[in-house]
Structures are given as C-alpha cells and as structure tokens.
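**Student:** Mind having a look at this structure? Questions to follow.
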Amino acid sequence: MNQFIDWISQPWPWYIAGPMIGLTVPALLILGNKSFGISSSLRHACAICIPAGIPFFNYNWRKEMWNLVFVLGVLVGGFIATTFMSNPDEIVIAAQTQTDLAALGITDFSGLMPTDIFSWENIFTAKGLVFFVLGGFLVGFGTRYAGGCTSGHAIMGISSLQWPSMVATLFFMVGGFLMTQVFLAPLMKLVGF
Amino acid sequence: MNVKNKNIQEAVCDAPNLQETGEKGFALIKYLILGILFGIVFVKAEIISWFRIQEMFRLDSFHMYGVIGSAIVVGIISIQLIKRLKVKSIAGEEIKIPTKEFRKGQIYGGFIFGLGWAITGACPGPLFAQIGSGFTVIIITLLSAIAGTWVYGKFSDKLPN
C-alpha cells in the first residue's frame, strides 16, 4: 500500500500520461459521439453568458453542456491530484531552463508554477497585465481563431489524420518558440523582473 | 465516418456533440468523471506547469513532446480501430468525426495562441486544472481567455479567414 502511495505521488512519466490523454479521444467518441476539444468550452461560456446577439455565439449550447461538465471535471481533477496525490518533493526542472529563467528574474522553482508570476499580489501590476490578462486573451482569441487548441487540433485533429490540424499545431509551436526565445526576455524586463 | 457538413463546422466548432440521442442531467456524469481523470493526469504529469512549457519551447526536455506525441499515436491507433472495426457508440450510433476544413485562421490564430501558450504556460485545458490545483489567480487568465474568445466571435467576419 505504501509503495502504491509512493508511486501515485511521484510525477508520472510521459509514457503513462500521453497514452492516457490519447485514450480520451476514443473514450469520448464511444461514450457519446463527442469530439475531443477543450477550447470550445470558452465559446460555450460566451454563448451562455454574453451572446450579445453575435451570430458566432448563437447556437444550441445546451447540446454542448457535456463540454462544460468535462472542464469542470478537469478542475476537480486538478484539486484531487493536488490535495490527495501531491508530490512531496520540489519539481525537477531541466538545469538549462532553470538557469535561463533565473537569469530572467524567476526565483521560485519549488512548485508547478513560479509564485514570482502567478500570485494574487501581481493582479493589479504590469506582471499581472501581461501574464494573466494579455496571455489569457491571446489563448482565448487565438484558439477560437484557429478553431481549436492542443486538444482539438494537436490531439483530436492529428489523430483523425486531418492536415489542417497539423498546420494549426505547427503554428502553435511557431508562436510558442518565438514568444519564449525572442519576446519573453524583453517582456519580463518591461514588467519589472 | 468523417462528416462533411458546413453547418456542423460553423455551429459547434472543434468539439461538437454529434450524438443524436439526447443526454441530460445524470447522463452527463460520465463526462465529469472523464474530466476528473484527465485533470489528474494533467497535474500528475506536470503538464499544467509553466516550467514544463518553458522547457518544451527551450528544447531542454523531452517530456512534453513525449506526452503530446504518445497521445497522438494512441489517438491515431484508436480511431483506426474504431473505423476498421466499425465500433459504435454506447447509444448504438455510428461514430462521426467532423472534417476540419483548412482556413487561414489556423495559421494566424494558431500563431496567436502559441504566443499566449508560452506566456501563460497553459492551453485551455490546463487553465482549469491550474485553478483546481489552488492557483486561483488563474481565474483572471481564464476570464481573459473567455474575453478573447468573445472578441474573436464579435469580429470573426472582419478577420482574414
């Protein structure tokens, strides 16, 4: 039993996590003829709360409630894993990444997210404006413009061998590399790191 | 099997419910359970970590490539099996997968999402798991992502697509 608890509290390797995520695709299809895609939940949230007569948000969202129930589950799953299955050790970060991020001004390498950035103290600061408001906006705007995110395009789309999803995934990566390698350092300097 | 239907595409985007049999209330619990499992994997494999996303875009770790790559391999095999064995959904319906038509948005939008992904360290799924993990400030990021989605919806017909 102790061994099991040890195992469950360790970080899971990619070859366990990846296949489990991949199995979500057939699970959703077989459970209810649903295609995997999480960014849709953001659209449904708009359609329910602030449709404002915009045609893009005028559809039968009731039929898509399953998607919101699913993301609620993801939130609850995050809570369960953190509360009951949490890794007691500090996160292991690649040495080079840690060195590079330390040079950018990150000091907290103990948890999954650096508290230098992701804490309530930053909400009304330039840091919060960039990392929460701007970052979130780009994620929401970009995924909807692209018609999907990592789940809808990279996993569901490529799994069903659809080349437009490969194009989308390629540009997810281009944007991510460019932000990380080129824009992140000056942006962090700008907001006071 | 692949449904080519403009209405489906336009109406419900990337993750449509193509089941004809209605589902309400209690029937939705299976998606809650699946979501919970998914959220647990997100946290346990540290996919929700801003550091893991930084490692990925700095090419310092194989972890995220392994996760996404093996998920795709399992997804491809599963869909091929469903197609070849003509597996039906539990409601007894033929399984349908909508065709994704190419649009310029996949380039522009994909690029914009990529920029945001590297800033927040999260695609939409991990946002929810981060909040559940106690990083409650990510609620702001989520609200901003919903705002971004809304702004796209508002101006979608004016953007190149």
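The values are calculated or read from the model by the stated rules, or taken from the named source; none is laboratory data. None of the values given here were measured: they were computed from a predicted structure. In this analysis, Cβ positions are derived from the backbone assuming ideal geometry, glycine residues included, and neighbour counts consider all displayed protein chains. When the accessible area is computed, the model is the full protein with side chains, heavy atoms only, and any ligands, DNA or RNA have been set aside. Shrake-Rupley method; radii C 1.70, N 1.55, O 1.52, S 1.80 Å.
**Student:** When segment A:29-50 is examined, which residues are found to be open to solvent by 10 Å² or more (accessible area, probe 1.4 Å) and within 22 Å of B:Asp157 (Cβ to Cβ)?
**Tutor:** Correct list: A:Ala45, A:Ile48, A:Cys49, A:Ile50.
**Student:** Right, something else. Within segment A:99-121, which residues are part of a loop (DSSP other than H, G, I, E, B) and either among the aliphatic types (A, V, I, L, M) or more than 21 Å from B:Val43 (Cβ to Cβ) (or both)? Spell out the reasoning first.
**Tutor:** Just the residues of segment A:99-121 that are part of a loop (DSSP other than H, G, I, E, B), to begin with: A:105-119.
Matches in segment A:99-121: A:Gly105, A:Ile106, A:Thr107, A:Leu112, A:Met113, A:Ile117.
**Student:** Is it the case that segment A:148-162 has a residue that's among the aliphatic types (A, V, I, L, M) and over 17 Å from the mean Cα position of the chain (by Cα)?
**Tutor:** yes
**Student:** Within segment B:29-91, which helices (runs of 4 or more DSSP H) (wholly inside it) include 3 or more residues that are open to solvent by less than 40 Å² (accessible area, probe 1.4 Å) and more than 7 Å from chain A (Cβ to nearest Cβ)? It would help to see each step written out before you state the result.
**Tutor:** Working: elements: B:29-44, B:50-57, B:63-84.
Answer list for segment B:29-91: B:50-57.
**Student:** Which of the residues belonging to segment A:51-73 are in contact with a helix residue (DSSP H, G or I) (Cβ under 6 Å, 6 or more places away or on another chain) and either part of a loop (DSSP other than H, G, I, E, B) or over 28 Å from B:Lys154 (Cα atoms) (or both)?
**Tutor:** Once the filter is applied, which keeps residues that are in contact with a helix residue (DSSP H, G or I) (Cβ under 6 Å, 6 or more places away or on another chain) and either part of a loop (DSSP other than H, G, I, E, B) or over 28 Å from B:Lys154 (Cα atoms) (or both), segment A:51-73 yields A:Pro51, A:Ile54, A:Tyr59, A:Gly73.
**Student:** Further, regarding this structure: Just to be sure I understand, how many residues within segment A:74-95 are free of Cβ contacts under 8 Å to residues at least 60 places away in the same chain, assigned to a loop (DSSP other than H, G, I, E, B) and open to solvent by 80 Å² or more (accessible area, probe 1.4 Å)?
**Tutor:** Counting residues in segment A:74-95 that are free of Cβ contacts under 8 Å to residues at least 60 places away in the same chain, assigned to a loop (DSSP other than H, G, I, E, B) and open to solvent by 80 Å² or more (accessible area, probe 1.4 Å) gives 2.
**Student:** Enumerate the pairs (first residue in segment B:94-119 and touching a residue at least 60 places away in the same chain (Cβ under 8 Å); second residue anywhere and of a type in the set (A, V, I, L, M) and part of a loop (DSSP other than H, G, I, E, B)) with beta-carbon separation below 6 Å, excluding pairs fewer than 6 apart on the same chain, so at least 6 apart or on different chains.
**Tutor:** Pairs that qualify, where the first residue is touching a residue at least 60 places away in the same chain (Cβ under 8 Å) and the partner is of a type in the set (A, V, I, L, M) and part of a loop (DSSP other than H, G, I, E, B), are B:Lys96/B:Leu18.
**Student:** A further question on this structure: Would you check which residues across segment A:25-72 are in contact (Cβ under 8 Å) with a residue 60 or more places away in the chain and not charged (D, E, K, R) and list them? Walk me through it before giving the result.
**Tutor:** Of segment A:25-72, the ones in contact (Cβ under 8 Å) with a residue 60 or more places away in the chain are A:25, A:35-40, A:42-43.
Correct list: A:Val25, A:Ser35, A:Phe36, A:Gly37, A:Ile38, A:Ser39, A:Ser40, A:Leu42.
**Student:** Given (1) within 21 Å of the chain's Cα centre (by Cα); (2) outside the structural domain of A:Leu42 (by the TED database); (3) more than 22 Å from A:Val25 (Cα to Cα); (4) not basic (Lys, Arg), where does A:Thr82 come up short, assuming only one miss?
**Tutor:** Of the numbered conditions (1) within 21 Å of the chain's Cα centre (by Cα); (2) outside the structural domain of A:Leu42 (by the TED database); (3) more than 22 Å from A:Val25 (Cα to Cα); (4) not basic (Lys, Arg), the odd one out for A:Thr82 is (2).
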